[in-house]
Amino acid sequence: MLFRQKSFVYFSRKPVPLLAFEYFISRRTLKSVVQGKKVSRPIVRISIYSIALAVIVNLITLAVVTGFQQEVRQKVQGFGSHIFIMTASDYSIFESDPIRKDQVFVEEIANTEGVKSIHAVGYKPVLFQSKKEEISYKLPNGKDTSETQQNVFATVIKGVEDSYDWSFFKQHLIDGEIPKFGDSLSNKALISKKLANDLHFETGDTVGAFFVRNMPIKQNFIISGIYETGLEEFDKKFVLGDLRYVQVLNDWGIHSLIEVEDTLRTDYPYEDYPDIPRDRLVLTANVTGGNGYHRFDWGRGFNRYNQIPICPTNDTIIQLVGSDHLGDVFAPIETTTLPDTAYIKIEVEGEPYAPCNCATDETGELIREFDPETGKFSVTAPYKRITFQIIPGKGSSEHYVGGFEVNVKNWDRLDELHEKIDQQVAFIPSPYNEQLKVTSIKENENDIFVWLGFLDINVVIILVLMIIIGIINMGSALLVLILIRSNFIGILKSIGATNWKIQKIFLIQASFLIGRGMLIGNIIGLGLCFAQKWYGIIPLDPKVYYLNQVPIELNVWHWLFLNIGTLLVCVLALMIPSRVISRISPVKAIKFN
């Protein structure tokens with residue numbers, strides 16, 4: 001017999017706390033709810049399966065979208081950086097103007113809290129040439145023929161230093177090794193599997209590369225290693241090489257060289273040799289780089305003349321300082337690109353003051369004698385011999401870079417650090433009169449990150465729809481349970497149970513059903529997620545989705561939020577249909593029974 005006494009409800013002789021009354025009734029009647037009448041049984045099972053389906057779909061959606069965003073974000077930033085400092089031009093980071101490497105803000109940014117690393121990089125477009133391959137085909141007359149074919153593939157060389165963080169590419173290295181850049185210029189390169197397949201090359205092969213400078217040139221690179229990230233759009237775009245190679249190929253800085261012209265310059269005759277024309281050799285300044293407007297210092301200050309005639313009388317060394325200018329040849333050198341100095345060493349044998357009517361061939365060009373061991377060459381006149389040793393300038397390209405890559409420790413602080421670094425660069429005046437700007441990866445790869453942002457909207461839509469479906473099905477099941485158990489409700493009301501207590505009984509039962517559905521959904525959903533994560537069951541087209549398989553990222557907080565949120569939202573939403581209990585009259589309910 002059931003009766004009330006103070007704060008306890010008694011069933012036989014065992015006391016039960018009043019707060020556990022609804023829970024006790026719900027547990028005792030739960031089995032009859034699940035295995036009840038033919039009318040309620042399928043509806044209850046449908047409601048359980050709908051909750052399970054909602055959990056499965058929502059769990060997979062969160063795991064896939066989170067994995068997609070994280071995988072694409074990590075791979076995109078692996079090819080570049082979180083933040084990039086470059087010239088304030090309209091060009092992209094791949095075509096930016098050079099800036100000085102010794103910037104005052106580098107050390108300050110490196111010591112900024114939250115910054116992982118900062119390093120200099122440079123980019124240079126390149127055309128790689130594939131191996132020769134024989135292609136056989138039939139002519140219209142039916143005869144077999146073949147021809148040799150070579151293809152070229154456009155890509156970009158990213159020049160880095162040996163201190164570059166290679167962790168991303170080490171993770172995706174599939175053959176060979178990461179190139180090492182020492183003190184000397186290195187032609188080793190790291191390429192992608194996609195590019196290696198297109199070029200028909202393997203690790204250790206030498207591949208020809210064409211660059212556009214003042215004139216097209218060809219260089220050879222040795223494939224040090226091959227990587228594959230699955231981000232095909234980027235794999236086929238990037239080749240990693242030595243930054244010093246990129247600096248030279250981009251004509252950054254000034255490069256000076258003194259050359260001896262192939263023809264002589266003829267003027268008036270010598271006074272002592274009236275029958276012999278006063279022939280002179282001509283030295284030409286070959287200066288490249290900078291802004292293209294060059295000036296030359298042959299030892300007496302800058303001027304615009306790039307040639308000087310000479311007839312050396314003794315051993316000497318001639319120096320050339322090459323620089324560029326901004327319209328004024330005599331402007332201070334600090335306002336322009338760093339200059340470069342070249343030399344030519346001259347040795348004279350024979351009569352010092354004899355004319356320089358050196359021997360020429362039938363076309364009028366100087367006859368030169370080269371010494372391959374020393375790299376010197378000589379020209380001969382009737383009374384003397386002149387030997388030249390050209391010492392080109394080292395160039396000032398090593399002092400210039402395409403920009404600085406900054407990586408942060410925490411993605412969530414990207415916007416904050418972007419703004420902070422932007423202020424640091426903006427408020428620290430450049431001693432080189434450079435206008436700089438700071439961009440983030442979200443700006444540089446705007447299309448990709450806008451697309452990833454749209455995925456968040458899709459997630460919200462799917463979560464809301466699936467929870468609404470679960471609420472509707474559970475609401476229907478709850479209404480059916482209330483209607484088929486109206487006599488039970490009437491009996492509880494007749495012995496003094498309030499509407500709210502009876503509501504709690506049915507809400508607790510609904511919670512049990514929701515929990516059962518969530519358990520089933522979690523088992524199936526997590527199983528599918530782990531199967532995809534470990535075995536990659538579902539592939540993707542990397543040309544469309546940037547990845548070669550569906551990525552999965554299981555986040556504990558997402559999982560907890562999904563399960564707790566689903567339970568709370570469904571239970572709170574079921575409070576509305578449970579209010580039907582207040583409309584049931586105990587007299588009519590018992591009479592109906």
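Classify the stretch 331-460 as rounded, prolate or oblate, taking a ≥ b ≥ c as the square roots of the eigenvalues of its Cα gyration tensor: rounded when a/c is under 1.5, otherwise prolate if a/b is larger than b/c and oblate if not. Cα axes put the stretch 331-460 in the prolate bin. Shown here is the pair-distance distribution of the stretch 254-395: with all Cα-Cα distances grouped in 5 Å bins from zero up to the longest one, the shares run 2, 10, 18, 20, 17, 13, 10, 7, 3, 1, 0 percent. Ranking of 438, 556 by neighbouring Cβ atoms within 10 Å, starting from the fewest: 556, 438.
Of the peptides 313-325, 101-113, 185-197, the order by per-residue mean of other Cβ atoms within 10 Å, starting with the highest, comes out as 185-197, 313-325, 101-113. Peptide packing: for 198-208, 47-57, the average count of neighbouring Cβ atoms within 10 Å per residue gives the ranking 47-57, 198-208, highest mean first.
Distance from the alpha carbon centroid of the stretch 325-346 to that of the stretch 54-131 works out to 35 angstrom.
Distance from the Cα centroid of the stretch 500-524 to that of the stretch 231-262 is 67 Å (rounded to whole angstrom).
No lab work stands behind these numbers, since they all come straight from the coordinates. Given the structure is predicted, the values throughout are model-derived calculations rather than measurements. With ideal geometry, Cβ positions are generated from the backbone for all residues, glycine too; neighbour counts draw on all protein chains shown.
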